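*Asks:* Have a look at this one before I ask anything.
The values are calculated or read from the model by the stated rules, or taken from the named source; none is laboratory data. This is a predicted model, so every value here is computed, not measured. Here the Cβ positions follow ideal geometry from the backbone for every residue, glycine too, while neighbour counts run over all protein chains shown. In case anyone asks, the SASA skips ligands and DNA or RNA and just uses the protein heavy atoms, side chains included. Shrake-Rupley method; radii C 1.70, N 1.55, O 1.52, S 1.80 Å.
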Amino acid sequence: MIFDFKFWHYFARQGQLLHNLENSEMRHFNKRLGWLFGLGVLLFALREIWGMNSASLTPYLVAGDEEAYTLARWTSLAGSLIWAGIYLAFHTYGAAFLFSRFLKIPWRAALVMQTYVTAILIIEKALLFFIFALLGYTTYLSLFSFGPLAAMLFNHSFVILFFNQLTIFTSLIIAIQYRFLRNYVKFSPKLLLFGLILLHVLVALFIGALSFVPLADMLEGFTEGVVRGE
């Protein structure tokens, strides 16, 4: 039998989707995934064009060096598009490969699961971008996370960025992964849920640790190098 993959139809019918994956051939999945990647890249481009994460380039504009500023913005846009491709590919194909390899679940099921995870991440970023566009300014903290609350209680970037990664969308991602994985793994559901929560906590800890890496200074130095080479 053959069934058509419909993203929103199966979003709330994952039991039916899992049944179809085990008993039928799937059509139009690559088409839906292509649309998802296209929308994700477009979102990253719009965020960059609007000015998110480009504060380090402002000195060029203040100094009146419009050519340097334009070149730096184009370079930053190219970097954002490359990062968008890496980000989307990792969360979809990379994470699906890891789940399939270590938990021994079917590749197709892991890929479909991570497609929903990637879509949720895109939706979260789109909502944040929409709110920031309405407000006219941005923050490095997610309004859907514990980051703002942590910023009120702590004064350490590692702790704040750690809690900033734990959002209501993280809970939804864990729920989707749990729903898929419990149909394929042999250990207890409680252990699976604990493992997923621990995995996301470790990822949040890793991202929090990136606060110690001077990424902004590195980017600024890179763009300055490009301009000087010009």
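*Asks:* Which cross-chain or sequence-distant (5 or more) residues have an amide H under 5 Å from the amide H of residue 4, H modelled 1.01 Å from N in plane?
*Replies:* Close amide H contacts, sequence-distant or interchain: 27.
*Asks:* Let me ask another. With all protein chains present and a 1.4 Å probe, how do 152, 1, 26 order by accessible area, largest first? Can you show the working numbers first?
*Replies:* Details: 152 155, 1 180, 26 40 Å².
Listed by decreasing accessible area, they come as 1, 152, 26.
*Asks:* Still on this structure, I have one more. Mind ranking 124, 22 by accessible surface for me, highest first, 1.4 Å probe? Display every interim value, and only then the final one.
*Replies:* Working: 124 25, 22 105 Å².
Ranking 124, 22 by accessible area, largest first, yields 22, 124.
*Asks:* Using the Cα atoms as the points, what is the convex hull volume per residue of the stretch 1-160 in Å³?
*Replies:* Values: hull volume 24.7 nm³, N = 160.
It comes to 154 Å³ per residue, whole-number rounded.
*Asks:* At a 1.4 Å probe radius, which order do 200, 9 fall into by accessible area, largest first? Show your work: numbers first, answer last.
*Replies:* Working: 200 40, 9 70 Å².
Order by accessible area, largest first: 9, 200.
*Asks:* Which of rounded, prolate, oblate describes the stretch 74-206, given a ≥ b ≥ c as roots of the alpha-carbon gyration tensor eigenvalues and a/c under 1.5 marking rounded, otherwise prolate only if a/b is larger than b/c? Write down the numbers at each step before the final one.
*Replies:* Details: a/c = 2.21, a/b = 1.43, b/c = 1.55.
Oblate, because a/c is 1.5 or more while a/b does not exceed b/c.
*Asks:* Which value, in Å² rounded to 10, gives the accessible area of residue 83 with a 1.4 Å probe and all protein chains present?
*Replies:* 140 Å²
*Asks:* Please list 3J(HN,Hα) in residue order for the stretch 172-182, calculated via the Karplus relation 6.51 cos²θ - 1.76 cosθ + 1.60 where θ = phi - 60°; whole Hz, with x for glycine and proline.
*Replies:* 5, 5, 4, 4, 5, 4, 4, 4, 6, 5, 5
*Asks:* For the stretch 152-203, just say rounded, prolate or oblate: build the C-alpha gyration tensor, square-root its eigenvalues into a ≥ b ≥ c, call rounded for a/c under 1.5, and beyond that prolate if a/b exceeds b/c, oblate if not.
*Replies:* Working: a/c = 4.03, a/b = 2.58, b/c = 1.56.
Because a/c hits 1.5 or more and a/b exceeds b/c, the stretch 152-203 counts as prolate.
*Asks:* Calculate the spin-label point distance for residue 203 paired with residue 126, positioning each point 7 Å from the Cα along the beta-carbon direction, and give it in nanometres.
*Replies:* Reported label-point gap for residue 126 and residue 203 is 1.9 nm.
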